[in-house]
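*Asks:* Have a look at this one.
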Amino acid sequence: MAITRQIKVKDITIGGHSPVVIQTMWKDRLSSFDLTETARHIDGLSLMGCGILRFAVPDLDAAVTLGALSKMVSMPVSADIHFDYKLALRCMDFPIAKIRINPGNIGGKEKVKTVLEKASDKGIPIRVGVNAGSLPTDIRKSVGQGFSLPEALTEAALRELAVFDEFNFSNTVVSIKASGIADTIIANRIFAGKTGYSVPLHIGITEAGPLIAGTVKSSASLAMLLSQGIGDTLRVSLSDSMENEVIAAREICNAAAELAKLNGNADFAKNSVLRLKRKGISIISCPRCGRYGFDTHGFLNRWLKRLYALDKELTVAVMGCEVNGPQEARHADLGITGCGNKVLIFRKGSVVKTASTEEADEVFLRELELI
């Protein structure tokens, strides 16, 4: 695929050979009363690997609140705007790093022009969002009457970009999303193959579903696209926590890097690994069975966010019994398992500490800090 052009979102580069950027979206309404806690939460997401955070902006109060928050955090924040172009204009009075609009529902070309002029003056990129639920009426009616859904999505995206081209605005990211795996893959392939367009692509499955179903659908589609060089930024849209969206996206990027090695083109595979591979923690853990002597589920629930926030290249093993203990995970840099009221801490297959189950977290932390 052709290399996309690069754009800047605050200090983050999207496109070209730059690393693929992980995004998530704030799950609640913004409140000016808890911005300090919100900023602290955002810092935690950043440590886990989130690069850009998007917020819904349904009214002017939300725009002002997001503007205040944007001054408190280092992570670029993006404003998601629908229907009222004045909300986009107000957001750009603050250090909000990116605006997401759909030109088709923002109120006509003159209003789009006003938004683009201010974005150009401020150097703020705009993401054009197209999904199956917001197709223009004429294009929506064409689905099944000569247009497939992926073709309709691509046509809608090209139509929106034509408006931007008319006003000489190219600081743009495009997202083309559907709720189906095949539709998402095909639509993004069609768009990426269009000559004359090198717009960075934000990819994702829209309304993917709850944790397990949404992660499966997103993995099947996004890993394939990324392994083929399609996609410069992604979000895994789950009916679950932002942290789990970020973790899922990290693992999808790692999986795509492995898939890219099957391409047969050594240079492509090397570049894909550089764009996709996420440094940091790698966790192996057994699923637990009736033989377990250590509660892997409970331990991982307590430690997962913390482990993914580590800035260390480590393989950590969380194993349930003596069968799947140190020897099954002997390649791990650090591991924990247990039997009865004892836990074993091991490195590279050798036990280094024995402790009671009550001391498990404390002893594990001490050993982790030594690495």
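*Asks:* Just checking my list (1) 0.94; (2) 1.03; (3) 1.09 against Rg/Rh (Cα atoms, Kirkwood Rh) computed from this structure; which label fits?
*Replies:* Computed from these coordinates, Rg/Rh (Cα atoms, Kirkwood Rh) corresponds to label (2).
*Asks:* Cβ under 12 Å from I185's Cβ, I185 left aside: what net charge do those residues give with Lys, Arg +1 and Asp, Glu -1?
*Replies:* Numbers: positive: K177, R189, K217; negative: D183.
With Lys, Arg at +1 and Asp, Glu at -1, the net is +2.
*Asks:* Give me, ordered by chain and number, the residues 5 or more places off S285 or on other chains with an amide H under 5 Å from its own placed amide H.
*Replies:* Amide H neighbours of S285, under 5 Å, 5+ apart: V318.
*Asks:* Taking the DSSP beta bridges in the stretch 281-370 as the whole, what percent of them are antiparallel, to the nearest 5? Please report the intermediate quantities before stating the final value.
*Replies:* Numbers: 11 of 19 bridges.
Rounded to the nearest five, the antiparallel share is 60 percent.
*Asks:* In addition: Enumerate the amide H contacts of G209 below 5 Å, restricted to partners 5 or more residues apart or on another chain; note that Pro and chain-start residues carry no placed amide H.
*Replies:* S239
*Asks:* Is there a pair in K279/K342; K86/K122; K118/K277 whose C-alpha atoms are over 26 Å apart, and which pairs would that be?
*Replies:* Among K279/K342; K86/K122; K118/K277, the Cα-Cα distance tops 26 Å for K279/K342; K118/K277.
*Asks:* At a Cα cut-off below 18 Å, give the aspartates and glutamates reachable from K348, other chains included and same-chain residues fewer than 8 away excluded.
*Replies:* Straight-distance partners of K348: E313, E322, E328, D333, E367, E369.
*Asks:* Where in the stretch 70-149 are there chymotrypsin sites (Phe, Trp or Tyr not before Pro) that are in a DSSP coil and have at most 16 other Cβ atoms within 10 angstrom of their Cβ?
*Replies:* F83
*Asks:* By per-residue mean of other Cβ atoms within 10 Å, what is the highest-first order of 343-355, 301-313?
*Replies:* Final packing ranking: 343-355, 301-313.
*Asks:* Too long at a 22 Å Cα-Cα cut-off: which of K177/K312; K10/K217; K217/K270; K177/K217; K98/K177; K27/K305?
*Replies:* K177/K312; K10/K217; K217/K270
*Asks:* Tabulate in residue order the Karplus-calculated ³J(HN,Hα) for the stretch 337-348, using 6.51 cos²θ - 1.76 cosθ + 1.60 with θ = phi - 60°, rounded to whole Hz; enter x for Gly and Pro.
*Replies:* Result, ordered by residue: 8, x, 7, x, 9, 10, 10, 10, 9, 9, 10, 6 Hz.
*Asks:* Using a 10 angstrom cutoff on alpha carbons, build the Gaussian network for the chain and name the most mobile of E37, E258, E117.
*Replies:* Answer for the Gaussian network model of the chain: E37.
*Asks:* Among 156-163, 227-234, 282-289, how do they line up by average Cβ neighbours within 10 Å per residue, starting with the highest?
*Replies:* Most protected by this proxy first, the peptides run 227-234, 156-163, 282-289.
*Asks:* Moving on. Less than 11 Å Cβ to Cβ from F55, Lys/Arg counted +1 and Asp/Glu -1: what total charge do the surrounding residues give?
*Replies:* Summing Lys and Arg as +1 and Asp and Glu as -1 gives +3.
*Asks:* Which shape class applies to the stretch 1-120: rounded if a/c is under 1.5, otherwise prolate when a/b exceeds b/c and oblate if not, where a ≥ b ≥ c are the square roots of the Cα gyration tensor eigenvalues?
*Replies:* Oblate shape, in that a/c is at least 1.5 and b/c is the bigger or equal ratio.
*Asks:* Return, ordered by residue number, the residues of the stretch 226-242 whose backbone nitrogen is under 18 Å from a label point located 7 Å along Cα→Cβ of S179.
*Replies:* Taking a point 7 Å out along Cα→Cβ of S179, the residues of the stretch 226-242 whose backbone N falls under 18 Å are 236-240.
Every number in this text was worked out from the coordinates using simple rules, so none of it is lab data. Bear in mind the structure is a predicted one, so any value in this text is a computation, not a measurement. For neighbour counting, all protein chains shown are included, and Cβ atoms are generated from backbone atoms with ideal geometry for every residue, glycine included.
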